[in-house]
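**Student:** First, the structure itself, so that you have it in front of you.
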Amino acid sequence: MTVTPDAPARAAKKKLSYSSDDIKRMLPHRWPMLMIDRAYDVVPGVSGRGVKSVSVNEPFFAGHYPDHSIMPGVMIVEAMAQLVAVVYVAELLESPEPSGDADPARSVGYLGSISSMKFSRLVVPGDQLTLDAKLGQRLGGLRQVQVRASAGGELAAAGSLIVTTGRKS
């Protein structure tokens with residue numbers, strides 16, 4: 001194992017939790033596209049876990065197999081991407097240097113790429129998705145991220161994303 005100079009600093013970072021109200025202040029998303037209910041074990045700029053409680057009242061269930069409700073894979077990916085945004089914004093909020101923008105939601109970038117995403121379990125109403133995100137290296141204005149979603153202790157989806165680290169006006 002190689003120890004980098006900033007490894008002790010990262011290990012010393014505290015883990016944070018965010019409620020749905022906190023997340024609404026952090027992200028620009030709103031119902032029906034706000035896909036994350038809670039975030040926890042968030043190490044700002046490094047990793048985090050989140051929860052998406054899947055309800056039969058989700059608007060996509062009306063048209064996505066009405067007789068056999070299945071959460072669309074793209075919505076699972078969106079939930080994972082929103083957790084990534086929470087981890088990223090948490091880093092800005094916890095930074096000792098002010099970002100210059102009073103609204104942290106304005107710093108949320110875009111999903112740039114989805115790679116090697118595999119879906120291994122159907123997600124249905126009543127499931128609670130547990131989301132995991134680990135931010136990887138920066139590539140200029142992009143960031144690699146490893147993401148996972150599980151339900152009932154079973155892996156539902158896993159892969160990698162590339163996200164932009166800022167939003168264009």
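Readers should treat all values here as calculations from the given coordinates under stated rules, not as data from a laboratory. Here the structure is a predicted model, which is why all the values come from computation and not from measurement. Cβ atoms come from the backbone with ideal geometry, glycine included; neighbour counts cover every protein chain shown.
**Student:** Can you show me the helix-derived [θ] at 222 nm for the chain, built from DSSP H runs with n ≥ 4 at -39,500 (n - 2.57) apiece and divided by the number of residues, rounded to the nearest 500.
**Tutor:** Value at 222 nm, helices only: -6500 deg cm²/dmol.
**Student:** Nearest 0.05, what FRET efficiency do Leu139 and Lys24 give at R0 = 35 Å with Cβ-Cβ as r?
**Tutor:** Taking R0 as 35 Å, the efficiency between Leu139 and Lys24 is 0.75.
**Student:** I want to verify a result. In a Gaussian network model of the chain, Cα cutoff 10 Å, which of these has the top mean-square fluctuation: Ile114, Ile23, Ile36?
**Tutor:** Its mean-square fluctuation being the largest, the pick is Ile114.
**Student:** Mind checking region 23-56 for trypsin sites (Lys or Arg not before Pro) that DSSP puts in a loop (not H, G, I, E or B) and that have at most 11 other Cβ atoms within 10 Å?
**Tutor:** Passing both the DSSP loop test and the Cβ count: Arg30.
**Student:** Also, quick follow-up: Evaluate Rg over Rh across the chain, taking Cα atoms for both radii and Kirkwood's formula for Rh.
**Tutor:** That ratio equals 0.98.
**Student:** Below 8 Å between Cα atoms, with a sequence gap of 6+, how large is the relative contact order for region 76-169 in percent?
**Tutor:** Reported relative contact order: 33 percent.
**Student:** On a full-extension model of 0.36 nm per residue, what is the gain between Glu94 and Val124, subtracting their alpha-carbon distance, rounded to one decimal in nm?
**Tutor:** Going from the current span to full extension adds 7.3 nm.
**Student:** Under unit Cβ charges (Lys, Arg +1; Asp, Glu -1), what dipole magnitude, rounded to 20 debye, does the chain have relative to its Cα centre?
**Tutor:** Dipole magnitude for the chain comes out near 340 debye.
**Student:** What percent does the relative contact order of the chain come to when contacts are Cα pairs within less than 8 Å and at least six residues apart?
**Tutor:** 23 percent
**Student:** Can you list the residues of region 120-156 with backbone N under 15 Å from a point 7 Å past the Cα of Ser55, pointing along Cα to Cβ?
**Tutor:** 125-129
**Student:** Need the full-extension length gain, Lys15 to Thr164, defined as separation in residues times 0.36 nm minus the C-alpha distance. One decimal, nm.
**Tutor:** 51.3 nm
**Student:** Can I ask one more? In terms of modelled amide H atoms, which long-range or inter-chain residues lie less than 5 Å from the amide H of Leu16?
**Tutor:** Here the answer is Asp41, Val42, Val43, since their amide H atoms fall under 5 Å of that of Leu16.
**Student:** With angles folded into 0 to 90 degrees, how steeply does helix 73-94 sit against the dominant principal axis of the chain? Use alpha carbons for both and round to 10.
**Tutor:** Roughly 20 degrees between the two axes.
**Student:** Using θ = phi - 60° and the Karplus relation 6.51 cos²θ - 1.76 cosθ + 1.60, list the HN-Hα couplings for region 36-52 in order, rounded to whole Hz, with x at every Gly or Pro.
**Tutor:** Coupling constants for region 36-52: 9, 8, 7, 10, 8, 6, 7, 9, x, x, 10, 6, x, 10, x, 10, 10 Hz.
**Student:** Output ³J(HN,Hα) for region 151-159: one whole-Hz value per residue in order, computed from phi by the Karplus curve 6.51 cos²θ - 1.76 cosθ + 1.60 with θ = phi - 60°, and x for Gly and Pro.
**Tutor:** Running phi through 6.51 cos²θ - 1.76 cosθ + 1.60 with θ = phi - 60° gives 9, x, x, 10, 4, 9, 7, 7, x Hz.
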